[in-house]
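**Q** My questions will all concern the structure given below.
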Amino acid sequence: MRRAAFRRLVSEALEDLPVEFMEKLNNVEVVVEDLPTPDQQVLAGGDEEEMLMGLYEGTPLTERTTDYTSLPDRITLFQDNIEAVCGTDEEIREEVRKTVLHEIAHHFGMDDERLYELDY
Ligand SMILES: [Zn+2]
């Protein structure tokens, strides 16, 4: 899939977010890369073999103080990895949606354990 088409899926996923989510999204940029850098792989905390679909980098809202100032949080989607686990464009769309939701949930301060319980 071309990068532009992939980005469009990301935009759609963001537009389809519940309004309450959109309103609370604070200073977050969403970008697309082919693959994680070694640093990002480490930051994700999983083992090196884990195929990352996306990564949240930043300070969750729940951990910010009132005088919080920083660079925007960043959510990165890894196109090559997402495509590697998907057979069709429709599957890619679904995976993008799931990954966007998952990483945004981290922005809201949910950890992976809780997300796993919720099936995200
Ligand atoms: Zn996660």
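The values are calculated or read from the model by the stated rules, or taken from the named source; none is laboratory data. Worth saying up front: this structure is predicted, and the values here are computed from it rather than measured. Here Cβ is always computed from backbone atoms with ideal geometry, including for glycine, and neighbour counts include all displayed protein chains. The protein model used for the area step is the full one, side chains on, heavy atoms only, and it has no ligands, DNA or RNA in it. Shrake-Rupley method; radii C 1.70, N 1.55, O 1.52, S 1.80 Å.
**Q** Picking from G54, G58, which residue would you name as being small (G, A, S), within 16 Å of the ligand (Cβ to nearest atom) and on the phi < 0 side of the Ramachandran plot?
**A** Values: G58 fails: on the phi < 0 side of the Ramachandran plot.
Within the list G54, G58, the selection yields G54.
**Q** Now for a different question. Looking at D67, is it part of a loop (DSSP other than H, G, I, E, B) and without any contact (Cβ under 8 Å) to a residue 12 or more places away in the chain? Break it down stepwise before answering.
**A** Working: part of a loop (DSSP other than H, G, I, E, B): yes; without any contact (Cβ under 8 Å) to a residue 12 or more places away in the chain: yes.
Yes.
**Q** Right, another one. What pairs come up if the first residue lies in the range 108-120 and is closer than 19 Å to P18 by Cα and near the ligand (Cβ under 9 Å from one of its atoms), the second is open to solvent by 80 Å² or more (accessible area, probe 1.4 Å) and not hydroxyl-bearing (S, T, Y), and their beta carbons are under 7 Å apart, counting only those six or more places apart or on different chains?
**A** Once the first residue is closer than 19 Å to P18 by Cα and near the ligand (Cβ under 9 Å from one of its atoms) and sits in the range 108-120, its partners that are open to solvent by 80 Å² or more (accessible area, probe 1.4 Å) and not hydroxyl-bearing (S, T, Y) give Y120/K98.
**Q** Taking the range 71-86 as the search range and keeping residues that are at pLDDT 95 or above and away from the ligand (no atom under 16 Å from the Cβ), which one is farthest from F21 (Cα to Cα)?
**A** So the residue we want is A84.
**Q** Of V100, V32, V96, which residue is outside any loop (DSSP other than H, G, I, E, B), touching a strand residue (DSSP E or B) at 6+ places or on another chain (Cβ under 8 Å) and away from the ligand (no atom under 16 Å from the Cβ)? Spell out the reasoning first.
**A** Working: V100 fails: away from the ligand (no atom under 16 Å from the Cβ); V96 fails: away from the ligand (no atom under 16 Å from the Cβ).
V32 is the lone residue from the list that is outside any loop (DSSP other than H, G, I, E, B), touching a strand residue (DSSP E or B) at 6+ places or on another chain (Cβ under 8 Å) and away from the ligand (no atom under 16 Å from the Cβ).
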